[in-house]
Amino acid sequence: MGDLQAIPKSQMSDDERVRDFQRKLYRKAKQEEGFRFYVLYDKVRMLHFLREAYKRCKANGGSAGADGITFEDVESYGVEKFLGEIIEELENKTYEPQPVLRVYIPKTNGKTRPLGIPVIKDRVVQMSVKLVIEPIFEADFEDSSYGFRPGRSAGDAVRKIKEKLREGKTEVFDADLSSYFDTIPHKELLLLIGMRISDKNVLHLIKMWLKAPVIEEGKPGGGRKIR
């Protein structure tokens, strides 16, 4: 990766600037377990964070949300213009998430699982927030945790299990929490996030996403208009 401190910020790519900030945030969080971070919203609305967020959202792919807008639509409209309008909404505190489109994905057992698809604009802002706050909580998470964490995978978990087996640990507890993400208590979740983050604007964004309305697949959700 190289030493980012030796590179002037003006010469860094968006990814490098984001990673440089994340490293600093992680170190601070690791060194001060009780520290509450308070100036984060201004990072969320910075162009290089939103550009990197858009790039990652596009790489993840996925269907259009309730508004029907695709990444191809955004590219035709102009990515910089699209992101500039997001910045304007975040700066003026007029940003509000749109309804989440709920679709049902078939499972191997013949059942289905619900999947929420936010519109692309909301995905980009969510990703920008994720890029900003993830290092804080990465510093707190248990080393034995592997789910939905950067740089970790199911393969890493399997290798850790094999390592424990070689050490003589032979008992495994297997559990599946039914509808886990749909049943997380929002009040308690926000309290936990608030133990590390005091930036009210970031907390407000998260609260709005948790309360965003849901539209079932097949029901009208608006036209294809970016602005």
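Miscellaneous remarks
- Of the peptides 100-106, 210-216, the ranking by mean beta-carbon count within 10 Å, highest at the top, reads 100-106, 210-216.
- Among the lysines of the range 145-215, pairs at least eight places apart or on separate chains and with Cα atoms under 28 Å apart come to 5.
- Once you reduce the range 36-90 and the range 120-146 to the center of their Cα atoms, the two points are 16 Å from each other.
- Where both bridge residues fall in the chain, DSSP classifies roughly 60% of the beta bridges as antiparallel.
- Segments 84-91, 159-166, 46-53 sorted - mean Cβ within 10 Å per residue, highest first: 46-53, 84-91, 159-166
- Candidate values [x] 30, 18, 17; [y] 44, 21, 16; [z] 30, 26, 18, label of the one derived for semi-axes √(5λ) of the Cα gyration tensor in Å: [z]
- Take every pair of alpha-carbon atoms less than 8 Å apart whose residues are at least six positions apart; their mean separation over the length of the chain yields a relative contact order of 32 percent.
- Burial order of peptide ranges 72-80, 133-141 (average beta-carbon count within 10 Å, highest first): 133-141, 72-80
Rule-based calculations on the coordinates, nothing more; no lab input. What you see is a predicted model; the values in this text were computed from it and never measured. Heads up, the Cβs are rebuilt from the backbone with ideal geometry, glycines too, and the neighbour counts pull from every protein chain shown.
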